[in-house]
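Worksheet for the structure shown next.
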Amino acid sequence: MTVFRLDDRLVFPPPELADDSGLLAVGGDLSADRLLLAYSMGIFPWYDEDLPILWHSPDPRMVLLAEELIVNRSLRKSIRRAPYRITMDQAFRRVVEACATTPREGQAGTWITSDMLDAYTELHEQGYAHSVEAWRDDELVGGVYGVSLGAAFFGESMFAHAPDASKIAFVTLVEQLKAWDMPLIDCQVHTEHLERFGATEWPRKRFLDALDEALEHPTRQGRWQFDSPS
């Protein structure tokens, strides 16, 4: 399979041309316009600091439908105890920084480079990228962030520095997306953690078809806040 090299033109090859690993293209930049085009086509950047920008569209694709969210009994009990204050779009850059620096089992480094941090902060300032934060008093102890277009949310990463902090933030986000009639949540690639929440692997074509339908809806652009206090 061919891996395409991008230049300054704002174009991507069709995502169906990605190789067996999901790698589609290399190069280009992380401008807001290019990122938004990529997400609208089911493509996302994922690479290490010492590599050029790599663009992916995996097959299968890990997807969660908001109405199919699974919350196990112990997590529901934790949510009812309300151990954290949950906010939305109050500390976006800090959430991304924490996702980049929090150690993860089986990973020696992070794919969230300094350029990625700046690029997604720009998307946030334009009203396309969003975060949910979990606070213990004034300490940021968990969170999740991603990109929103139409009726789709593209989850990027989450972190936790306290028990269940990222899980509670994620569940609160998904429940709000459901209330906003934004059912399609892109989880990108399989993890057992996401599978426990109800995410499943879809053939790429099914995901792209669902994405096309989601993009027919207007984007909820701007600073987000919950419909009711959390």
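Surface listing: Arg93, Arg81 arranged by accessible area from highest to lowest gives Arg81, Arg93, probe 1.4 Å.
Could you state the accessible area per residue of segment 134-176 in Å², with a 1.4 Å probe and every protein chain left in place?
28 Å²
For the chain, what is the relative contact order in percent, using Cα pairs closer than 8 Å and at least 6 residues apart in sequence? So the answer I get is 24 percent.
Once all protein chains are placed together, Ile79 keeps about 60 Å² accessible to a 1.4 angstrom probe. Apolar share of the accessible surface for segment 161-230: 47 percent from carbon plus sulfur atoms, 1.4 Å probe.
Kirkwood analysis of the chain, using all unique Cα-Cα pairs, places the hydrodynamic radius at 17.9 Å. Across segment 24-103, C-alpha contacts under 8 Å between residues 6 or more apart give a mean separation that, scaled by the residue count, equals a relative contact order of 23 percent.
Accessible area per residue for segment 59-133, computed on protein heavy atoms with a 1.4 Å probe, is 52 Å². Within the accessible area of segment 1-53, what % is carbon and sulfur when the probe is 1.4 Å and the other protein chains stay in place? Here carbon and sulfur together make up 55 percent of the probe-accessible area.
Short-range pairs are left out: with C-alpha atoms under 8 Å and at least six residues apart, the relative contact order of segment 54-151 is 29 percent.
Legend: translational diffusion of segment 46-172 by Stokes-Einstein, Rh = Kirkwood radius over C-alpha pairs, 10 °C, 1.306 mPa s; D = 102 µm²/s.
In a DSSP loop and with at most 16 other Cβ atoms within 10 Å, the GluC sites (Glu not before Pro) in segment 1-92 are Glu49. To the nearest ten degrees, helix 114-125 and the longest principal axis of the Cα atoms of the chain are 70 degrees apart.
The values are calculated or read from the model by the stated rules, or taken from the named source; none is laboratory data. Because the structure is predicted, anything quoted here is derived from the model rather than measured. Counting neighbours? That spans all protein chains shown, and the Cβs are built from the backbone with ideal geometry, glycine included. Only protein heavy atoms, including side chains, enter the accessible area calculation; ligands, DNA and RNA are left aside. Shrake-Rupley method; radii C 1.70, N 1.55, O 1.52, S 1.80 Å.
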